[in-house]
1. So, in segment 56-77, how many residues would count as being of a type in the set (Phe, Trp, Tyr) and either in contact with a Pro (Cβ under 8 Å, 6 or more places away or on another chain) or surrounded by fewer than 18 Cβ atoms within 10 Å (Cβ to Cβ) (or both)?
2. What pairs come up if the first residue lies in segment 62-91 and is closer than 15 Å to LEU146 by Cα, the second is assigned to a helix (DSSP H, G or I) and charged (D, E, K, R), and their beta carbons are under 7 Å apart, counting only those six or more places apart or on different chains?
3. Starting from segment 115-133, keep only residues that are without any contact (Cβ under 8 Å) to a residue 12 or more places away in the chain, then list their pairs with residues that are in a helix (DSSP H, G or I) whose Cβ atoms are within a distance under 6 Å, requiring at least 6 positions of separation or different chains.
4. Here are some conditions: (1) surrounded by fewer than 13 Cβ atoms within 10 Å (Cβ to Cβ); (2) farther than 18 Å from PRO121 by Cβ. GLY42 meets all but one. Which one does it not meet?
5. Does segment 1-30 hold any residues that are among the charged types (D, E, K, R), out of contact with any Ser or Thr (no Cβ under 8 Å at 6 or more places or on another chain) and at pLDDT 95 or above, and which are they?
6. If you check ALA82, ALA91, which single one turns out to be surrounded by fewer than 17 Cβ atoms within 10 Å (Cβ to Cβ), more than 23 Å from the chain's Cα centre (by Cα), at pLDDT below 95 and assigned to a helix (DSSP H, G or I)?
Amino acid sequence: MSVLKKIDRYFEESVVVVLFASMVLLTFAQVLSRFIFNLSLGWSEEISRYVFVWLVYFSAAMAAKHRRHIRVEVIDTLLPRAVSKWFGLLADLLWVGFTLYVAFYGYEMVLMVTEHGQLSPAVQLPMGFVYSIIPIGFALIAIRVLQGIVARFRGTDELTDEEKLQRAIEG
């Protein structure tokens, strides 16, 4: 398997594992420090909070990649597969449009915050770095949704268990 295919397949999963492990370790260090040594680590709490925010955005991209986001399935159940496929495409294109809109204005916000030189209170981390997950996360979601659209029209998409069951019922 080529390096690019491995990155495509395992990128979000790898980042999520590292971020989650970091958050757990930072929180454990904070609890240990507070209750064993009677010493509060303000920096670990702040970094843990930022890691959690990054974790949420990468997890959302991972959910988009695996088509695990909540969605309304009334159209899928009421209309024939050929028609619902086009409504699904429309919904995905609207989703891509929204994510690109948020990514663009998130990038604008990152530039503004960076320009003002805002720093986090405890660690003095540039807040532009913290906020940069907004355009990164939403751009990654847009990429994953577009990959899903292409895979569905090629017929190479990974179906969810519910979709496999539905196709088996339909024959």
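The values are calculated or read from the model by the stated rules, or taken from the named source; none is laboratory data. These numbers were taken from a predicted model, which means no experiment stands behind them. Cβ coordinates were reconstructed from backbone atoms using ideal geometry, including for glycine residues, and neighbour counts include every protein chain displayed.
1. 0
2. Filtered contacts from segment 62-91: MET62/GLU12; MET62/GLU13; ALA64/ARG144; LYS65/GLU12; LYS65/ARG144.
3. From residues that are without any contact (Cβ under 8 Å) to a residue 12 or more places away in the chain, the pairs are GLN118/MET127.
4. That leaves (2) as the condition not met.
5. Within segment 1-30, just GLU13 meets the criteria.
6. Residue meeting the stated conditions: ALA82.
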